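Since the structure comes first, as structure tokens, the remarks are kept for the end.
Readers should treat all values here as calculations from the given coordinates under stated rules, not as data from a laboratory. Here the structure is a predicted model, which means the values were calculated and not measured. Cβ: placed from backbone, ideal geometry, glycine included. Neighbour counts: every protein chain shown.
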Amino acid sequence: MISVSRLSAAELLSSVEELADLLADTVDGGASIGFLSPLDRAAAAAWWEGRAVAVSAGHLAVWVARSADRLLGTVSLAFPDKANSRHRAELVKLMVHRDGRGQGLGRTLLATAETEAAAAGLTLLHLDTETDSPAESLYRSAGWTRLGAIPDYAATPSGELRPTTIFYKRVGAAERPQ
């Protein structure tokens with residue numbers, strides 16, 4: 001049984017070790033999420049600790065998926081701080097541990113972020129992901145709209161420059177026909 005919950009800043013800090021394990025596993029598994037391999041576990045923990053301030057300030061929402069005994073995935077929404085962009089958020093760091101893949105967990109986390117965004121009154125989400133990656137297939141199948149690709153945008157964990165595809169999705173009131 002998998003449960004998904006939103007973390008407070010204190011809960012994030014108490015989960016740093018598990019989140020660091022997830023981040024390291026995701027990078028070691030080849031996912032291009034902003035880190036190079038091998039990712040030092042202390043650096044992964046420090047990165048997560050640094051997110052607590054943004055969670056506390058309301059600039060970042062983090063959800064985790066847990067089985068009975070371990071953390072298997074996470075997804076976050078980053079909220080802009082400008083008045084003209086408070087209707088949108090960026091979907092960031094959707095990660096599923098290699099042991100949890102193939103069970104629909106990525107789709108569950110994605111749906112959670114979309115539902116929670118709409119409930120919070122947001123109408124637009126956007127993200128970027130490595131072109132031709134499994135994540136790109138997930139977003140396409142979940143109804144996200146491909147905007148385009150930027151060549152050589154980010155390095156894979158092994159350091160290879162790859163294109164990144166930009167997606168967006170209307171949620172909440174914006175997704176319903178007018």
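Miscellaneous remarks
- Since only PHE35, TYR168, SER15 are under comparison, the one whose Cα sits farthest along the positive direction of the charge dipole of the chain, derived from C-beta charges on Lys, Arg, Asp and Glu, is TYR168.
- GNM top mover of ALA65, ALA83, ALA135 - the chain, alpha-carbon springs below 10 Å: ALA83
- DSSP-assigned coil residues among trypsin sites (Lys or Arg not before Pro) in the stretch 66-104, each with at most 13 further Cβ atoms within 10 Å: ARG70, LYS82, ARG86
- Average Cα contact separation per residue, the stretch 30-178, under 8 Å, 6 or more apart, as relative contact order %: 24
- Cleavage-rule hits (GluC sites (Glu not before Pro)) in the stretch 106-178: DSSP loop, at most 11 neighbouring Cβ within 10 angstrom: GLU160
- Positive minus negative residues near ALA155 (Lys, Arg vs Asp, Glu; Cβ under 14 Å): -3
- Shown for TYR153, TYR139: other C-beta atoms within 10 Å of each C-beta, ranked fewest to most, produce the order TYR153, TYR139.
- Residues in the stretch 108-125 carry Karplus couplings, in order, of 5, 5, 4, 4, 4, 4, 5, 5, 5, 4, 4, 5, 7, x, 6, 10, 9, 10 Hz; the curve used is 6.51 cos²θ - 1.76 cosθ + 1.60 with θ = phi - 60°, and Gly or Pro positions show x.
- In order along the stretch 61-74, the phi-based Karplus estimate (6.51 cos²θ - 1.76 cosθ + 1.60, θ = phi - 60°) of 3J(HN,Hα) comes to 10, 10, 10, 10, 10, 10, 8, 4, 10, 7, 7, 10, x, 7 Hz; Gly and Pro are listed as x.
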